[in-house]
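Below is one structure, written out as structure tokens; the observations come after it.
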Amino acid sequence: MTTATDSPSLPEALGPAAREFLAGELRLVVGSERPAAADGRTFATLDPATGGEIARVPFAGPADVEAAVAAAREAFAGPWAALPPVARGRLLEALAGAVEAHAEELAQLESLDNGKPVKLAQFVDVLGTAAHLRYFAGWPTKIEGSVLPVAAPDMHCYTRREPVGVCAQVVPWNFPLLMAAWKVAPALAAGCTVVLKPAEQTPLTALRLGELALEVGFPPGVLNVLTGDGSTGAALVAHPGVDKVAFTGSTAVGREIGAVAGRALKRMTLELGGKSPNVILPDADIEAAVNGSYQAIYFNSGQACNAGSRLFVPAERFDEVVSALAERAAATRLGPGLDPDTQLGPLVSAEQRERVLGYIDSGRSEGAELLTGGGTALSESGGYFVEPTLFSATSDDLRIAREEIFGPVLVASPYDTLEEVAARANAGSYGLAAGVWTQRLSSAHRLAAMLRAGSVYINHWGGSDPAAPFGGFKASGVGREHGHDGLDSYLETKTVWVSLA
Ligand code: NDP
């Protein structure tokens, strides 16, 4: 087996803590154990900036799923259930502190594994993870039932809020640690236990999170981590010992998981894809709208479920807006995530690059006008770089105008009236996010009410906070994460009737 220390593909910019983590043999987290996969299988995780191998990771199979679910069930029935809420809160707080203490290491691992700029990894992924853990650390002591004013005078009736149970949490590769935190933090706050399955492209930070949880004193079995591929995720979701499934990823896989969980009547939360409309109104501050629309699509190389990938511009301002955007896109500095000057990293994998290039080809062949980008970049590096790309299209029927591309590809279209743009923005199958740029308060609120999306951003893009619900309308998902809503999805309500007779 190749070990990471002697691997020629580790970049010089990687610090000692990240190197030390990679130097050891990477293991699963199951109960108090750090096992290899039961059948000894491993797979390589690759550096998207070079295509080189970073490390080998255990490939969890059915026996590992069995062991992890058993460990989670045991912890749920025993030590975790016995812990008072205040102690659950303290452990979440301690994990937030540990994530902050290891912020540089975690950000470098994330940048290396995913390709994103290391500053983005540090400020969005790692500090966002700590913020989620800290926010949910405040919840265990505030989970309350209520006394109900039932009609029968000889009855005392009240509710208890109880944890759903063992949760299978399957997360994607675009914000690996942060997506894990979005799921792990509310689940643990509610008193559930977890088996976490990171994406095969980005397994490193989830394993480190599992280690840190054991280090700060979480009882074994509360947070288990299984690395593997879609088959590992499928076995986990289908396991009868799992009470709830939480998934972020593609709508196609979300449908499959939803069907399996639905048949078994498991609880579920699904955060799926998007094709989010970003609407500039005629009275908008155009400079702010151009800057915000650039961020909306090219942030994280367009690999964000809420990317503003569909831009609507008033016909009379169309040329001005798209030429400013094209200029900014063409000036973007591409490079490896660990280079501090990089603005845009590679896509996560060769497969994702091919998928995105396929969409760019379809845009060209269906008649969209390519304004900038459209090709690969830095090909001598061996990495999966795609140029920031901008299309202009008048038809909403093109594949690039309807389907989630999940890459740095923006499709801009002109429109004439507010009613027209609202109808076009709502016409697709997704409903995750939408943006509005205007200086008129009344237009902002009118459109916010008209757009069928889980989040609407006015004069910015991508606001996010652990307290603010996030999730999708229509094919963008089921349920909400973050805040009170996010916590609720990990709780059952029990109604207790006491006869006073
Ligand atoms: P997937 O939806 O396949 O992967 C997301 C997660 O689900 C990964 O952990 C994956 O494991 C796991 N998984 C895959 N199949 C199953 C299954 N049958 N049962 C349980 N778990 C499963 O995304 P892809 O990586 O294939 O990306 C494809 C497209 O999905 C992207 O182009 C993008 O459009 C969309 N996507 C959307 C995301 C979002 O945040 N909304 C995030 C990522 C992708 P593994 O990776 O190991 O196969």
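The values are calculated or read from the model by the stated rules, or taken from the named source; none is laboratory data. These numbers come from a predicted model, not from an experiment. Every residue, glycine among them, receives a Cβ derived from its backbone with ideal geometry; neighbour counts consider all protein chains shown. For accessibility, only protein heavy atoms count, side chains too; no ligands or nucleic acids. Shrake-Rupley method; radii C 1.70, N 1.55, O 1.52, S 1.80 Å.
Structural remarks
- Kyte-Doolittle at least -1.0, axis length at least 20 Å by Cα - qualifying DSSP helices, the chain: 62-77, 85-101, 176-190
- For segment 407-467, chymotrypsin sites (Phe, Trp or Tyr not before Pro) are listed when DSSP marks them as loop and at most 12 other Cβ atoms sit within 10 Å of their Cβ; the list is empty.
- Using Cβ point charges alone (K and R +1, D and E -1), the dipole size of the chain about the Cα centre works out to roughly 1440 debye.
- Paramagnetic label zone (point 7 Å from Cα along Cα-to-C-beta, Ala449; backbone N under 17 Å) in segment 414-434: 418-420, 422-423
- The residues of segment 289-362 expose on average 36 square angstrom of accessible surface per residue, using a 1.4 Å probe on protein heavy atoms.
- Per residue, segment 150-277 exposes 27 Å² of solvent-accessible protein surface, assessed with a 1.4 angstrom probe and all protein chains in place.
- Only helical runs count toward this figure. For the chain, summing -39,500 (n - 2.57) over DSSP H runs of n ≥ 4 and dividing by all residues gives -11500 deg cm²/dmol at 222 nm.
- Within the accessible area of the chain (1.4 Å probe), percent carbon and sulfur: 54
- Each of Val184, Val124, Ala206 was placed along the dipole of the chain (beta-carbon charges, centred on the mean Cα), and the one lying farthest toward the positive end is Val184.
- Straight-line cross-link partners of Lys142 among the lysines, defined as a Cα under 24 Å from its Cα and at least 8 positions apart when in the same chain: Lys183, Lys244, Lys494.
- In the chain, excluding the sites themselves, the longest stretch lacking any of the GluC sites (Glu not before Pro) that are in a DSSP loop with at most 10 other Cβ atoms within 10 Å is 145-501.
- Lys, Arg +1 and Asp, Glu -1 on Cβ, resulting dipole of segment 308-418 about Cα centre, debye, nearest 20: 180
- Kirkwood hydrodynamic radius over Cα pairs of the chain, then Stokes diffusion coefficient at 37 °C and 0.692 mPa s, in µm²/s: 140
- With N the number of residues in segment 18-145, Rg(Cα) / (2.2 N^0.38 Å) evaluates to 1.25.
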